[in-house]
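First comes the structure, then the notes that go with it.
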Amino acid sequence: MKAIETTVDRPMEQVESDVRRLLAEEGFGVLTEIDVAATLRAKIGVDRPPLRILGACNPTLAHRALEHDPSLSLLLPCNVVLEQVEGGTRVAAVDPVELLGGASQRSGDSADADELAVLAEDAGARLRRVVERLGPQ
């Protein structure tokens, strides 16, 4: 899957704080958090480098999308992944254009498809700005 991503030379805790702040500046709140490394350790005894999934949602964009097609709730919230890697922290965000592209093409109404494409572009641009403002790619 195509992602919007970067790797920055900073500790994961610092990057997560920056990601949360930048998401808020773009109108997103974090609805869910999954500490994948801690869950795997607790459930199956596997140790892995830190990996956290933040479920980010822009309520205005989500509402507009759901008005067109309630089944789009299957794609919400937008996942933003932070992973400790050699050399720093990798941040990857889902690309809403890719996710909603298929849904907008299936819409029988071209006006609905156009509106979904606009919403996907808007959400994607916001997530791209978050990632770009973190640092070099």
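What to note about this one:
- Among residues that are closer than 19 Å to GLY124 by Cβ and touching a Phe, Trp or Tyr at 6+ places or on another chain (Cβ under 6 Å), ALA93 is not included.
- Pairs linking a residue in the range 73-98 that is more than 16 Å from GLY29 (Cβ to Cβ) and charged (D, E, K, R) to a residue that is part of a strand (DSSP E or B) and modelled with pLDDT under 95, with Cβ atoms under 9 Å and 6 or more positions apart or on different chains, are ASP95/ALA3; GLU98/ALA3.
The values are calculated or read from the model by the stated rules, or taken from the named source; none is laboratory data. Here the structure is a predicted model, which means the values were calculated and not measured. FYI the Cβ positions are ideal-geometry reconstructions off the backbone, even for glycines, and counts take in every protein chain you see.
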